[in-house]
1. With only Lys, Arg, Asp and Glu charged, each at its Cβ (+1 for the first two, -1 for the last two), find how big the charge dipole of the range 55-172 is about the Cα centre; round to the nearest 20 debye.
2. What residues qualify as long-range amide H neighbours of T111, i.e. H under 5 Å apart, gap of 5 or more or another chain, H built at 1.01 Å from N?
3. Determine how large the accessible area of D85 is when every protein chain is in place; take a 1.4 Å probe and give Å² rounded to the nearest 10.
4. Amide H neighbours of F154 under 5 Å, at least 5 residues apart or on other chains, H built in the peptide plane: list them.
5. Find, to one decimal place in angstroms, the Kirkwood hydrodynamic radius of the chain, where the mean of 1/r is taken over every pair of different Cα atoms and then inverted.
6. With all protein chains present, how much of the accessible area of the chain (probe radius 1.4 Å) comes from carbon and sulfur, to the nearest whole percent?
7. Express in Å², to the nearest 10, the accessible area of Y42 obtained by rolling a 1.4 Å probe over the protein heavy atoms while all chains stay in place.
8. Report the Cα centroid-to-centroid distance between the range 76-134 and the range 20-69 in angstrom, as an integer.
Amino acid sequence: MKLIRSTPNPSGAYPPIQEVSTTNVPEGMAVWPDSLETDTFYQYGGYVLLAINAAYEETPATVASYVPNMEAWEAWKSTQPDPIDEAKAKKAAELSAACNAAIVAGMDVETTQGMEHFSLAETDQINLTAAHSAIQAGAPGYPYHADGELCRMFTALEINAISAASIAHKLYHTTLCNHLLTWARRAETIEEVNGITYTDEGMPEDLAANMAQILSTAQNG
């Protein structure tokens, strides 16, 4: 048997319909007949107006019919966050995390030992800045290490190359992330927001052109 409370919550919404095994109908409850559909009830989150037949002798109070309570439903909806705003906030967090992960993952740089990989976690960036500063101050070399390799003395040219590569790497990803976040903010549908991924492929033409210009200018500079 299905039961529903015969009075709504203070908000105007009825609690969910209950499935019970007992044949007793507690005070304050009404029977929801099996013949009465429930889809509309849940579609409107319980914001409905019930027509309840009063209890009579052995017949418990029973819901005869119901209609959506549009006034209460619209009032409740007006207090809820826009689903697209939630999607945009989630996408912004996703893109920012992807950008950070990409930067930390680092880049490959050609050195005297061949192609080596250099991660860019926060401590790596601090150490690389110190190494580059020493070279700028006139040091002929500086102790550093590639991922998974022993520390060795890197030449000034190598340190400069790694530093330049790290700057270009960070610039690309921060610029990409900025343009993707702009795209997400101006998206007009949840489907468009959810379709944005951490790549420059498929980016709107104006954003792609602006990103290309920025990177080109920075590279030429």
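1. Working: 6 positive and 16 negative charges, 110 e Å.
I would put it at about 520 debye.
2. Distant-sequence amide H within range of T111: E116.
3. 90
4. Y142, Y144
5. Details: mean 1/r = 0.0429 Å⁻¹.
After inverting the pairwise mean of 1/r, the radius is 23.3 Å.
6. On the way: 7280 of 13300 Å².
So the carbon and sulfur contribution to the accessible surface is 55 percent.
7. About 120 Å², rounded to the nearest 10.
8. What the calculation gives is 54 Å, centre to centre.
The values are calculated or read from the model by the stated rules, or taken from the named source; none is laboratory data. Being a predicted model, the structure only gives us computed values, none of them experimental. As a convention, Cβ positions derive from the backbone with ideal geometry for all residues, glycine included, and neighbour counts pool all protein chains shown. What goes into the accessible areas is simple: the full protein's heavy atoms, side chains included, and nothing from ligands, DNA or RNA. Shrake-Rupley method; radii C 1.70, N 1.55, O 1.52, S 1.80 Å.
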